Each structure stands twice: as structure tokens, then as C-alpha cells.
Ligand SMILES: *Cc1c(COP(=O)(O)O)cnc(C)c1O
């Protein structure tokens, strides 16, 4: 029986919904702790994708026939599900992209390109993923805008006062991560938004790690844009979301031209479609969107609150387990922290630790996690990162701690 509709959170039942979790790696049970890079998929997502191709497949928004209508209805239905997940006011505020990276680039190339000019400022933070750094550097190089960077504390905390001190009357955009993919730090995005908007700035939140660990309410946050990526939320690859307020999307020019994003085309004049279709040129990844819809159904049946509570337990357990291993130093100990734990092991290379963990079936990520400026800030080159998901268990974390001790013995 699927874990849907159970009263108490039962990780064993949840695990049964994910076929890949029953496989072995080097004859060891798979312990998948690399969810910050991408999460595994429940059977219902696999079924939704399979059903779309096998039974309901035709291009969307085009044909006058039954299957095209069915696919269009399914695709547009996912817009409503995403709006529900984010508590967005309307499905028209939901734009589909291929991932969060593309969503941020959309804002950089269209909204920011149209509304910022030389000397205007953008504020980001030291803990951004490269996806929320490089698009602004490209814009800077194109337009001569100024990029300011809010600091993080030694323990990974975000300092609101230091952030606020960077806001000026030239700040046009604040773009911050909701949750750090390396430190797990939860940024107080509602306060950030309030401060930024009071200074006259537009706010974009990189929610790639935000939507997966906790409930998100974009209206309560008050942000102008919120972006996330489907594959980290148990959905397929190739689908992401940009939420934008109706006002912001209305003042955002098109960024890619083609079919589906127009009302009418002649060689003299083309009239663009209204948002969100204005930003979805060409055949969209609608099968992937349908898979994302199934993923949203799945997490909502479990409940984002319940998922967050389970992961909170995992995070506390993991921090305690790591602190109990001599020579292990956690990187990122903010009090408000999602279930992402990074650490270094004294005297050992992260790569070597990762390789030894791998031989025990434990999948972690090692390296800079697409956050090289944050590594530089912390004075390290890489970390080992264990990032938890709704299906992980405390047993798996104990196996991780034992694996680290094993690595220390082998490499001593
Ligand atoms: C993973 C991640 C991204 C990039 O996601 P893509 O799916 O590769 O676009 C951006 N920001 C954060 C915080 C992430 O964790």
C-alpha cells in the first residue's frame, strides 16, 4: 500500500514507494544521501510519465483532437498544482522552465535586462549556488550593473543587519537562496523580502532547496519571483518553475521567441501571448511537467509539514552523529537548518572519504557543490555533503557515521 493517507509518518512505508531504494550497490543496501543534487522518484511519478507517453500523448495547445486536449488539460492542471504547492494566487503566475537555472536566467535576461541600467545594484549572498551568481555576472558584463554580496557568518548563519546595510537606493534586485545547498542554512526570506522591497528592490528567491524541505507560501513571503527545480522535488528532470507576481510578469518582456508564445505573427508585427505562455516558446516539456504534477500530489499526500518534521529529526540525528566522530568538523551549524549536512574530516580528502563511503553503498556528494565562492569564504576547498530526503532513516545516518570511522581507519 502506498504511504499516501497514513496518519503517522512511516519512513519504511514511504521507502516502498521508491523502486530504486531496494537495489544494492556493491552488494550493499543503497543508502542514498545525495538528494541535494537530485532526489529519487516514487512509482507514482514513473507511472504518470509512462501513462502520458503510452496513453495520452500528443502535443499541447495545438491539435483540435482528443489526445491533444487531454495532454493540454494535464499540462495546465499541473500549473494549478504548482500554484497550490506555493500558495500562488493563480495558475497564470506559474511559468514552466527546464530547471531553476533557466528560471533565474529568464529573470536575468528579460526582467532585469529591461529594468536595470548601468550603476544599478543587485544583492546576492555568499552562499549562492553558481546558478544564482553567474547569470548576474553575465548581466553585469552586459550592462555595467554592480553586484553586491551579503556575508555569511562562520557558523553559516545569515546576518540580516549586514544584509540590510548593503541596500541602497540603487538596489534594484535582491536574489537570494531560500536554503543553502551546502550549509543547510534557512534564510529568513520573508524578512529579506520586506527589507529589500522597502528599499525599492524586486526580490527573487532561489527555492531549489526551499520547496523540498518545508512548506512554502510565496504570498506570505511576499517575494516577486520564486524559482525551483522539479528533479529535486521527486519529479522528472527537465522541468522547473518560475513563479512571478502578475505585476512583475506583466512587465517582463519575452526572452525566447517561437511557437506557443504568440497571439499572432506577421512579418510586420507579432503580438505576444500573455504570461505565462509568453515565456514558454516552443513545445514545452509537458510530459516532465505531468511527472512533476504527480510528485506534487505525492508530497502533498504525505504533507510538507510532516516531511519537514521527519527531516528535522534526521538533521538533528545527523549533526549529533557527526559531532560524535573525532576529527569530523561540520560546516554549517545555523540553528535554523534544513536536512543538509556538510563536513570535512581532519587529515582526509573529501574525495577519498566519498570513495570509501561509496564502496559501502552510501551515496554522498563531495566537492564544491557549485558554490565555489562559499568554499572560499569558509576557507576550504571541498566538503562531504549528506543531504536528506523524505525517505531517509536514522539507520542510514548511523551507517554514514560508521562509514566515516571506517574511512578514518583505512586512510590513517
Ligand atoms: C541544485 C540547485 C540549483 C540548480 O538546479 P538545476 O536543476 O541544476 O537548475 C540552484 N540553486 C540551488 C540552491 C540548488 O540546490
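A short reminder: the numbers here are calculations on the coordinates, not readings from a lab. Here the structure is a predicted model, which means the values were calculated and not measured. Cβ: placed from backbone, ideal geometry, glycine included. Neighbour counts: every protein chain shown.
No solvent, one uniform scatterer per C-alpha: report log10 I(q)/I(0) for segment 253-308 via the Debye equation at q = 0.18, 0.26 1/Å, two decimals. The Cα Debye sum returns log10 ratios of -0.69, -0.95. Diffusion coefficient (Stokes-Einstein, Kirkwood radius over C-alpha pairs, 20 °C, 1.002 mPa s) for segment 176-227: 196 µm²/s, rounded to a whole number. Taking each residue as 0.36 nm, the span from residue 355 to residue 159 lengthens on full extension beyond its C-alpha to C-alpha distance by 67.0 nm. Binning the alpha carbon pair distances of segment 1-133 at 5 angstrom intervals from zero yields the distribution 2, 7, 9, 12, 16, 16, 14, 11, 7, 4, 2, 0, expressed in whole percent.
Considering every pair of different Cα atoms, what Kirkwood radius, in Å, is found for segment 239-396?
Working: mean 1/r = 0.0509 Å⁻¹.
19.7 Å is the Kirkwood radius here.
Calculate the all-directions average of the projected area of segment 339-412's alpha-carbon convex hull, and give it in nm². Can you show the working numbers first?
On the way: hull surface 20.0 nm².
Taking the Cα atoms of segment 339-412, their convex hull projects to 5.0 nm² on average.
By the count of neighbouring beta-carbon atoms within 10 Å, fewest first, 162, 41 end up ordered 162, 41. For segment 47-300, the spread of Cα positions along the three principal axes, ordered from largest to smallest, is 58, 47, 27 Å.
Here the residues 178, 65, 115, ranked from fewest to most Cβ neighbours within 10 Å of their Cβ, fall in the order 65, 115, 178.
Cβ-to-Cβ counts within 10 Å put 111, 255 in ascending order as 255, 111, the fewest first.
Averaging the Cα positions of each part gives two centres, and for segment 132-202 and segment 61-91 these lie 33 Å apart.
If you count the DSSP beta bridges with both ends in the chain, what percent of them are antiparallel, to the nearest 5? Walk me through the intermediate numbers first.
Details: 28 of 47 bridges.
Expressed as a percentage, antiparallel bridges in the chain total about 60.
Between segment 329-401 and segment 231-290, the alpha-carbon centres lie 36 Å apart.
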